[in-house]
Amino acid sequence: MQMLGTTLARIVGDKRVLERGSSLVAYTSDGLPGYSQTPSLAVFPGTREELIDVVRALADAGVPFVPRGAGTGLSGGALADGTVLIGLNRLTRILSIDPDNRIATVEPGVVNTSLQKAAARHGLHYAPDPSSQSACTIGGNVAENAGGPHCLKYGVTLNHTVAATVILPDGEIVTLGSPLGETPGYDLLGAFVGSEGCFGIALDCTVRLLPNAPAVRTLLADFMSIDAAARATSAIIATGILPAALEMMDGAAVRLVEASVYAAGYPTDCEAVLLVDLDGVVDGLEDDVAAVAALCREFGARDVRIAADAAERTLLWQGRKKAFGAMGRAAPHLVLQDAVVPRTRLPAILQEIGEIGARYGLAVWNIFHAGDGNLHPSVSYDAANADEAHRVHLCMTEIMQACIREGGTITGEHGVGLDKIDYMPSLFDGDTLAAMCRLRDVFDPAHRANRGKVVPIHSCREWHQAPAGRAAGTLP
Amino acid sequence: MNGDWAAVAAPTVYTRSVGEVQSAMRDAAADATALQIAGAQSWADGGPPRRAGRVLSLRHLSGISTYVPGDLTITAYAGTSLAELSHATAAHGQWLGLDPAGERHGTIGATISTASSGPLAHAFGTPRDLVLGLDAVTGYGETVRPGGRVVKNVAGFDLVRLFTGSWGTLGPITSITLRLRALPVHDVTLAIALDEPAQLPVLLHALRQSTLSLLACEWVDGTTSKSLGISDGRDAVLVRFGGNDSFVRGQRGVLSRLAFCEPSDPAVWGALSLLDAGAGAVIRVSGSVTGLPARITRLRQEIRSDVVRVAMHASLNRGVVRIIVAGNVNSVQPALQALHDGEQRIPERLPNDWWATEPDPFGVGLAGRIRAAFDPHALCNPRMATNA
């Protein structure tokens, strides 16, 4: 490894290769507490050329690696266990913005809000807005197919990525998609987006920018039961009115936020709030606002407050966006899940989550993208308390299994990474997992990129033996 | 769709269940017979010629298996027609925002397999944006079920996007789950006739700078406009928007300040999707949105309507021009097969012998390796040999 470090230092400079344990501590976890892995070394290329040379040097040496953006991921996906970590956070150039054609090309380390600020100068914005957008990078967003509150109306990262130049783990450089519109053949860009660093590293990403909505209205509806808020959510979706965002926070989460520096003026005696953004052209918007407000009241909202101005709107959203930060006050550790259910199943699953939490003696908080059915059940706990940690694990496992039973999935925007890999066989059958493995094999036949993530390797190996046997002419 | 004139004489295996599709695939592997994957064969000469010994028809693998209107999602078997989907969803005030060219008895399986879309892509995107999950049988005979029934899902590698637009080359798609939208309360179509073709860049700029929120915005050439009753022979821009009373009133107002608009029969969108009938060649040319007017001008100069019968329409939001040519198409072959800098060219339908010089986008590099990984014996829609 020392020789490899020397080789990499020749490419990026001595200061950009970290090998000592103390200097690697910052890279032993990501945004999800509970996982800790230490890379053998970390290397930080500062230019596209350096990144290419680093990947090719690792390919020559046959060394596995893990790409990492800002490390804000919530699935343990950017952790390197005894392998090389490639930090992409120095590749921060916005290469071009074409306001007329509404596209931007950026290096992978560009922070989401940096792109937002650059686009705003042209009256445009980049739609995916993860809660970590002030720190997370576009490369990381593409790797995870990141979402955010406003993806309800505008779609996730996949829907806004039009092209990427990618270096494959073996050093080959390929162009996926095209800023010029349609490309013939397989949607390789679609396969790459959300591949969690297992298919290679984006040298640049070209994304779509949208014109800012002419008008936005933000509503805060508070309810005296979670069930009522969930039923209001289902009713709003069923009308066909498509809010830009439709978020829910339960009463416990509201009280935590209000006790923190992120206090947003939410009513602390309620059991749930819905935060709704409606945007678009001015004409007709007030009708939708009135319809949503009426539905909230019909389903039991005690009050529906409409933000009077941009400052109030920002304040209301601050409470939602910083809610997970506020949870840090409750206990030293936080487990945060990311399941999705069909939207009509929200009332049932929220009730079941409450029951599961109670069974394990845990308070499960719900702060989530209700309009998408994208749940984020969360528990603050003390990992040093072995009994509590064990109960948290069992509780979260039951919640995930319940979401799968309701016809849902195990991740809507955080990715599988390490955290959800054990749930994959519950969601997908062996043949589907095997097919996913075969796709990875095409991009990375040596399994050197972010190995051990997304699809369980052990089942993968077993399963891709079977089709190979069948391909020999013995189809069962 | 996906019809194969090369395999017209080949026997057809009609499947009515996923199990029968798997059996057909196993039989194909056992006797090394390539399969032509077919839906309703409403687009019988679309795509490159295939080398197939049997036609695997999914026409009868049809029906809606799950529809929960409150979730705005629907799951249907591949052989379900677009008309059946429209009928079922309209009953609940919903629709699938997908209007590909072709007859409405064409199947959803073929639509997704070919990633076909139409003018509504302006607002709702292409199939990659609408498909939530699917089932497919690979060349190994195994059934894969990526994605799901939820509107947000990043679990596992994205086989949904891989199969969408794969033209059956990885194996037949058997079932698809799609995202639906609410039908707008009012659905309005207006036409803007252009006195001079040169007005298009100005109008395009004005439309994009405006506060319009459109469902579709399509330029149509003058001859086609006249034949569809849109204009008196002038080029025209068809604009579609939908929403509540206030919204529609406001959008009309914005449009009327930009250009003189006349109401148009919404049926024009259906007519536009049927321009292909009798065509000898259909291609799409895409590029930057701002370069669209110049692209249209060049294509008109190269594909002259006094030489062949030509219809063109273009998405003003996506920069894609669709060119439909009938008559002596060989006389404009160089123009239809030329590839210009800054443009992408997608052939939909070409004379048989032209395909020999068309590159196979599924055959080389990463794509070729992916195809081999899912269909190692080239059982599914293998293409006739090409010279490219």
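Per-residue ellipticity at 222 nm, computed for chain B from helices alone with -39500 (n - 2.57) per DSSP H run of at least four residues, works out to -7000 deg cm²/dmol.
Rounded to the nearest 0.05, the FRET efficiency derived from the C-beta distance between B:THR357 and A:LYS117 at R0 = 56 Å is 0.70.
When you filter the chymotrypsin sites (Phe, Trp or Tyr not before Pro) in segment A:392-464 for DSSP loop state and at most 16 other Cβ atoms inside 10 Å of their Cβ, nothing is left. Cα centroid distance between segment B:109-181 and segment B:21-47, in Å? Cα centroid of segment B:109-181 versus Cα centroid of segment B:21-47: 18 Å apart. What separates the Cα centres of segment A:94-132 and segment A:399-459 is a distance of 30 Å. Across segment A:117-233, C-alpha contacts under 8 Å between residues 6 or more apart give a mean separation that, scaled by the residue count, equals a relative contact order of 29 percent.
On average, how many beta carbons from a partner chain sit within 10 Å of the beta carbon of a residue in B:241-253? If you can, show how the numbers build up before the last one.
Working: counts 1, 0, 7, 8, 3, 8, 8, 2, 2, 5, 3, 1, 1.
Mean partner shielding for this stretch: 4.
Normalised by the number of residues in chain A, what is the relative contact order in percent for Cα pairs under 8 Å and 6+ residues apart? RCO, chain A: 15 percent.
Within chain A, the longest run free of exposed loop sites, counting trypsin sites (Lys or Arg not before Pro) that sit outside DSSP helix and strand states (H, G, I, E, B) and have at most 10 other Cβ atoms within 10 Å, spans A:122-476. Normalised by the number of residues in segment B:266-321, the average gap of Cα pairs under 8 Å and 6 or more apart makes the relative contact order 45 percent.
What are the chymotrypsin sites (Phe, Trp or Tyr not before Pro) within segment A:14-67 that DSSP puts in a loop, where the Cβ has at most 11 other Cβ atoms within 10 Å? The partial results should precede the final answer.
Numbers: sites: A:TYR27, A:TYR35, A:PHE65; in loops: A:TYR35.
Filter output for segment A:14-67: empty list.
Other residues with beta-carbon under 15 Å from the beta-carbon of A:ARG305 carry, at +1 per Lys or Arg and -1 per Asp or Glu, a net charge of -3.
Is there a simple number for the mean count of other chain Cβ atoms within 10 Å of the Cβ of residues in A:439-449, and what is it?
Details: counts 10, 2, 3, 9, 4, 0, 1, 0, 0, 0, 0.
The per-residue average across the peptide is 3.
Would you tell me the mean number of C-beta atoms belonging to other protein chains that fall within 10 Å of each C-beta in A:335-343, as a whole number?
Working: counts 0, 0, 0, 3, 2, 8, 3, 10, 7.
Mean shielding by partner chains, rounded to a whole number: 4.
For chain A, the longest principal axis of the alpha carbon atoms and the long axis of helix A:2-12 meet at an angle near 70°.
Against the main long axis of the alpha-carbon atoms of chain A, helix A:310-321 sits at an angle near 60°. With each label modelled as a point 7 angstrom along the Cα→C-beta vector, the A:GLU298-A:ALA235 pair spans 0.6 nm.
Which entries of A:LYS153/B:LYS152; A:LYS321/A:LYS420; A:LYS420/B:LYS152; A:LYS153/A:LYS321; A:LYS117/A:LYS321; A:LYS420/A:LYS453 have Cα-Cα distances beyond 21 Å here? Flagged as over cut-off: A:LYS321/A:LYS420.
Full extension of the chain between A:ASP382 and A:MET224 yields a length gain of 53.9 nm, computed as 0.36 nm times the residue separation minus the alpha carbon distance.
Between helix A:346-359 and chain A there is an angle of about 80 degrees, using the helix long axis and the longest principal axis of the Cα atoms.
If you take the Cα centroid of segment A:199-241 and the Cα centroid of segment B:51-71, the two points sit 32 Å apart.
Average projected area of the Cα convex hull of chain A, in nm²? Walk me through the intermediate numbers first.
Values: hull surface 95.8 nm².
Over all viewing directions, chain A projects a mean Cα-hull area of 23.9 nm².
Each reported figure results from applying straightforward, stated rules to the coordinates on display, with no laboratory input. Nothing here was measured: the structure is a model prediction, and the numbers come from that model. Quick reminder, even Gly has a Cβ in these numbers, built from the backbone with ideal geometry, and neighbours come from all protein chains shown.
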